[in-house]
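Input: a single structure, listed below in structure tokens.
Read-outs: derived from the displayed coordinates by stated rules, not from any lab. For clarity, every value in this text was computed on a predicted model and none was experimentally measured. Cβ: placed from backbone, ideal geometry, glycine included. Neighbour counts: every protein chain shown.
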Amino acid sequence: METRTTHSTVTFRRPFKLAGMDGIAPPGNYRLDMEEEKLDTLSFESWRQTAVILQLTRAGVTEYLAIDPQELRDALARDSAPLPEVPPASGDRSRRVRDQLRLRAQRP
């Protein structure tokens, strides 16, 4: 049976974890290999995905992790979601600014 492998890169902006990983991976670019096999069809050429392999390199060691394509799509969707709004710090900064303005106003 004929097979092919395509290579691409996925980018994570935030730390992530997928099933089978030992820990959380840092943000960055990761190589992705997709293996497919050709289906025997008469009307048109078609391929079936047989494996998706994510290449992780940490501390000089390269690990190849077979992952579920749907889990990868879900992780990339979570990663591309907007970052949550960070509430402003408690009134410390605004209080400090008010105090500085008050001091400036009191100067002759």
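Which ones in the range 1-19 are outside any strand (DSSP E or B), within 15 Å of the chain's Cα centre (by Cα) and of a type in the set (A, V, I, L, M, F, W, C)?
Kept after step one, since they are outside any strand (DSSP E or B), are these residues of the range 1-19: 1-2, 13-15, 17-19.
When the remaining residues are screened for being within 15 Å of the chain's Cα centre (by Cα), the result is 13-15, 17-19.
Selection gives Leu18, Ala19.
For the range 55-70, a residue qualifies if it is exposed (fewer than 10 other Cβ atoms within 10 Å of the Cβ), in a strand (DSSP E or B) and among the polar types (S, T, N, Q), and exactly one does: Thr62. I want to confirm something. Restricting to the range 25-46 and keeping residues that are surrounded by 11 or more Cβ atoms within 10 Å (Cβ to Cβ) and of a type in the set (A, V, I, L, M, F, W, C), which single residue is farthest from Ile67 (Cα to Cα)? My answer is Leu39. Given (1) surrounded by 15 or more Cβ atoms within 10 Å (Cβ to Cβ); (2) not in a strand (DSSP E or B), where does Asp22 come up short, assuming only one miss? Only one criterion in (1) surrounded by 15 or more Cβ atoms within 10 Å (Cβ to Cβ); (2) not in a strand (DSSP E or B) is unmet by Asp22, namely (1).
Okay, residues lined up against (1) on the phi > 0 side of the Ramachandran plot; (2) in contact with a strand residue (DSSP E or B) (Cβ under 9 Å, 6 or more places away or on another chain); (3) among the aromatic types (Phe, Trp, Tyr); (4) in a loop (DSSP other than H, G, I, E, B):
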position	(1), (2), (3), (4)
Asn29	no, yes, no, no
Met34	no, yes, no, no
Thr41	no, no, no, yes
Phe44	no, no, yes, yes
Arg48	no, yes, no, no
Ile53	no, yes, no, no
Leu72	no, yes, no, no
